[in-house]
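In what follows, a single structure is set out as structure tokens and then discussed.
The values are calculated or read from the model by the stated rules, or taken from the named source; none is laboratory data. Everything numeric here is computed off the predicted structure, so don't read it as measured data. Every residue, glycine as well, gets a Cβ built from its backbone with ideal geometry; the counts of neighbours run over all protein chains shown. Protein only, heavy atoms only, side chains kept; ligands, DNA and RNA dropped before computing areas. Shrake-Rupley method; radii C 1.70, N 1.55, O 1.52, S 1.80 Å.
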There are 2 protein chains.
Amino acid sequence: METVKVDLGVRSYQIKIGEDILANLGAYLQELDIGSKVLIITNPLVNSLYGSEVKEAIAKVGFDVSKALISDGEEYKSLETAQDLYDKAVGVGLDRTSTIVALGGGVVGDIAGFIAASFMRGINFVQVPTTVLAQVDSSVGGKVAVNHPQGKNLIGDFYQPKLVVADKKVLSTLEERELKAGLAEVIKYGVIWDQQFFAFLEKRIDEILNLETDAIIKLVTRSCEIKAAVVAEDEKEEGLRAILNYGHTIGHALEAVTNYKKYRHGEAVAIGMVAAAKLAYKRGLLDSAALERQKELISNFGLPVAYHNLEKEQIIKALSKDKKVKNGVIRFILANQIGKVIITSDLTEENIRETLEELGG
Amino acid sequence: METVKVDLGVRSYQIKIGEDILANLGAYLQELDIGSKVLIITNPLVNSLYGSEVKEAIAKVGFDVSKALISDGEEYKSLETAQDLYDKAVGVGLDRTSTIVALGGGVVGDIAGFIAASFMRGINFVQVPTTVLAQVDSSVGGKVAVNHPQGKNLIGDFYQPKLVVADKKVLSTLEERELKAGLAEVIKYGVIWDQQFFAFLEKRIDEILNLETDAIIKLVTRSCEIKAAVVAEDEKEEGLRAILNYGHTIGHALEAVTNYKKYRHGEAVAIGMVAAAKLAYKRGLLDSAALERQKELISNFGLPVAYHNLEKEQIIKALSKDKKVKNGVIRFILANQIGKVIITSDLTEENIRETLEELGG
Ligand SMILES: NC(=O)c1ccc[n+]([C@@H]2O[C@H](COP(=O)([O-])OP(=O)(O)OC[C@H]3O[C@@H](n4cnc5c(N)ncnc54)[C@H](O)[C@@H]3O)[C@@H](O)[C@H]2O)c1
Ligand SMILES: NC(=O)c1ccc[n+]([C@@H]2O[C@H](COP(=O)([O-])OP(=O)(O)OC[C@H]3O[C@@H](n4cnc5c(N)ncnc54)[C@H](O)[C@@H]3O)[C@@H](O)[C@H]2O)c1
């Protein structure tokens, strides 16, 4: 088993990464200073696959465990679902010392974390992420939220878990498309932070796509290390944390113009990373070899490198509504080599238009 | 004008206390590092009295000010009202740099603070408290919340304002009963922390009840200083902050058995403080003179020192449901002299029964 520490002073915590470690969950929880009541929040699909195992693992060491199911899907990451969960938390008698365990992907983790952050002004929170995206990204760093009809994650908090437990085993039941979408964020870590990790991904494509244990544990571990390092420097997203948005600027615009229906988040980010690489190349920041390597790795992971049947002008309009726009200028995160990024506002609309032109398939 | 600093590292802020200082609100906001958009949250009553003045004061220095009204009353400190406020925040286009100004009593302050804490994971928050309770207590210290049908303040956060502005002027329109209820918390500060302040209250009863400027500004200032000192030591209520619950244990039980209808919170706390003083006397912690001084000051401020038409056993039952009960033992905050308290679990049910017997009028 690998352990990654997220260094945040009194809010520090461990991420445990391994194969078939769900069975130890009870023991891990016993190491925390928490009360006897535990509420597992999950959804019907994940529950049918891992719900009993996780509940049993926690109950067998003596915790008083309840479960709350929320409907599966991004549209249920809402204040309405939160209200049901508060009712449940009250119903099972959670107190200040109780613990909420999120068992699921990013949707479950985000809303369960929001409940943990706000119930009685904050109770213990443990993440058991079950998608690639959740294991390498959303379960680490303390961003918790629900959506508002007018915008994703508009209602939320920074609230760190007390523990994250990522079991490689659960990834085997993921739909292929979910698996690949999660890998987009992994490629991102290589580009923004770690050339060697990027090279590792290039070399191990088959093992990764076949979910071979060593490769996946290494991949999740290194991803968590990188995210942890960024978050430790900038917990509340006031500076450095922006680099985690590499590929996300155009990615978000693509999601917005397709109403979050056509692309999985990671797919949109994949195209966004190609766009960012092209922009960096255009501005003379990145050489063509580094651009091609990014495109190739993205493509080899089965992720899209271009968009189809979308209006360029629509994408530009969506870009201009981005939260990162200040006085009409968009800040972009661009790589100047694989493993290093800069943040720049020094791009012309022409650069962006051209790039989108080239990307439209 | 008096200024009290709440010392919380990067989250430190000032409380400005004075007569007729609402007009300077715009200037005060300009001193903060905040964006151009401001949303005032208030209720119809407070709005009719001070809404235009406050809006004008903020708008005249160039801020883009909107207003959101919530219905008046504790029952509207709910997640449903919060949902409306999120809609409003989105509707007027608040962004991460925007500011929410709470203009009202504790109800407005608590819910507005919860919105500020959770909208976009936290935006700027300024309190303009307009009741005695809000000026001396609820606006300071960062507890924000909404109620759940099953319990008060069950959904909330610790979220500090960037500034608190307490204008003595607004207290003149308060109902007499609200004014007096707020004074219960003021007496509490004297008992738990500051014998001299207690003596000041004893000497200035008439000036205080007549809202004479000097006395009120001194009273609000010293109250804020004491609350600030406690909060600075224990922001998240892990230890010392418990002493702020002096009088609240039996107070809460009285509120609960009367469904939060019969007593204003401060009235219940007043009776609770008499109960606590009697308990301390019974246990030999406090002398009879100090007990009598408390009773007398409470009574001189027009607050109740006994309850009527309530079943003692009901109160005991409500006590046993208190959050502060651990393994069937209730922790009480008791004064061992005026100006000093201890926390003790060393009370028999007999002590409590007797005390309630004596208090039942
Ligand atoms: N908090 C953060 O820092 C952060 C970062 C990135 C994304 N997010 C959020 O994460 C969410 C997306 O997360 P996601 O991609 O994990 O989606 P998801 O949670 O919707 O999961 C995707 C699908 O996989 C299913 N699933 C989960 N685990 C499974 C398993 N082991 N086997 C089979 N099926 C499984 C789910 O039921 C769901 O149908 C978004 O709401 C996004 O806003 C948060
Ligand atoms: N956050 C904290 O630390 C904390 C501490 C104590 C209490 N509280 C909360 O505070 C709330 C009670 O606050 P409250 O006692 O101020 O009650 P409130 O906010 O309901 O105000 C009482 C009444 O006075 C009116 N009012 C307010 N200002 C006025 C003015 N200047 N002139 C005339 N009328 C005015 C209000 O409209 C309301 O009808 C409760 O919800 C309680 O939970 C919070």
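Tell me the strands (runs of 3 or more DSSP E) entirely within segment A:1-95 that contain at least 3 residues that are open to solvent by less than 20 Å² (accessible area, probe 1.4 Å) and closer than 25 Å to A:Lys169 by Cβ. Before the answer, list the steps.
Numbers: elements: A:2-6, A:13-18, A:37-42, A:64-69.
Once the strands (runs of 3 or more DSSP E) in segment A:1-95 are filtered for at least 3 residues that are open to solvent by less than 20 Å² (accessible area, probe 1.4 Å) and closer than 25 Å to A:Lys169 by Cβ, what remains is A:13-18, A:37-42.
With respect to B:Arg283, is the statement that it is surrounded by fewer than 18 Cβ atoms within 10 Å (Cβ to Cβ) and closer than 27 Å to A:Val90 by Cα true? Let's see the steps before the verdict.
Values: surrounded by fewer than 18 Cβ atoms within 10 Å (Cβ to Cβ): yes; closer than 27 Å to A:Val90 by Cα: no.
No: the conditions fail for B:Arg283.
Regarding B:Asn153, is this residue more than 14 Å from the chain's Cα centre (by Cα), within 10 Å of ligand 2 (Cβ to nearest atom) and over 22 Å from B:Lys37 (Cα atoms)?
no
Taking segment B:182-212 only, how many residues are open to solvent by less than 10 Å² (accessible area, probe 1.4 Å) and within 16 Å of ligand 2 (Cβ to nearest atom)? Step through it out loud before you land on a result.
Our first condition is that a residue be open to solvent by less than 10 Å² (accessible area, probe 1.4 Å); within segment B:182-212, this holds for B:182-192, B:197-198, B:201, B:208.
Restricting the remaining residues to those that are within 16 Å of ligand 2 (Cβ to nearest atom) gives B:182-189, B:192.
Residues in segment B:182-212 being open to solvent by less than 10 Å² (accessible area, probe 1.4 Å) and within 16 Å of ligand 2 (Cβ to nearest atom): 9 in total.
Going through A:Ile100, A:Ile111 one at a time, which residue ends up being within 21 Å of the chain's Cα centre (by Cα) and not in a helix (DSSP H, G or I)? It would help to see each step written out before you state the result.
Values: A:Ile111 fails: not in a helix (DSSP H, G or I).
Being within 21 Å of the chain's Cα centre (by Cα) and not in a helix (DSSP H, G or I) holds for just one of A:Ile100, A:Ile111, which is A:Ile100.
Out of everything in segment A:157-176 that is in contact (Cβ under 8 Å) with a residue 60 or more places away in the chain and open to solvent by less than 10 Å² (accessible area, probe 1.4 Å), what residue ends up being nearest to A:Val231 (Cα to Cα)?
A:Pro161
Those residues that are in contact (Cβ under 8 Å) with a residue 60 or more places away in the chain and over 28 Å from the mean Cα position of the chain (by Cα), I need them from segment B:87-97; list them, please.
If the condition is that a residue be in contact (Cβ under 8 Å) with a residue 60 or more places away in the chain and over 28 Å from the mean Cα position of the chain (by Cα), then B:Asp95 is the only one that fits.
From the list B:Val107, B:Val140, which one is open to solvent by less than 10 Å² (accessible area, probe 1.4 Å), out of contact with any Ser or Thr (no Cβ under 6 Å at 6 or more places or on another chain), more than 14 Å from chain A (Cβ to nearest Cβ) and of a type outside the set (Ser, Thr, Tyr)?
On the way: B:Val107 fails: open to solvent by less than 10 Å² (accessible area, probe 1.4 Å).
Residue meeting the stated conditions: B:Val140.
Taking B:Val126, is it β-branched (Val, Ile, Thr), more than 12 Å from ligand 2 (Cβ to nearest atom) and either at negative phi or away from chain A (no Cβ under 14 Å) (or both)?
Details: β-branched (Val, Ile, Thr): yes; more than 12 Å from ligand 2 (Cβ to nearest atom): yes; either at negative phi or away from chain A (no Cβ under 14 Å) (or both): yes.
Here the answer is yes, as B:Val126 does meet what is asked.
So, B:Val61, is that one within 25 Å of the chain's Cα centre (by Cα) and away from every other protein chain (no Cβ under 14 Å) or not?
Criteria not met by B:Val61.
Checking the condition in a helix (DSSP H, G or I) and either open to solvent by 40 Å² or more (accessible area, probe 1.4 Å) or touching a residue at least 60 places away in the same chain (Cβ under 8 Å) (or both), which residue from B:Glu255, B:Glu296 passes?
Unique residue meeting the criteria: B:Glu296.
Does B:Leu154 meet the test of being within 14 Å of chain A (Cβ to nearest Cβ), surrounded by fewer than 21 Cβ atoms within 10 Å (Cβ to Cβ) and at pLDDT 95 or above?
In short, yes.
Could you please let me know if A:Asp20 is in the same structural domain as A:Gly151 (by TED's automatic domain parsing), at positive phi and out of contact with any Gly (no Cβ under 8 Å at 6 or more places or on another chain)?
Spelling it out, A:Asp20 is indeed in the same structural domain as A:Gly151 (by TED's automatic domain parsing), at positive phi and out of contact with any Gly (no Cβ under 8 Å at 6 or more places or on another chain).
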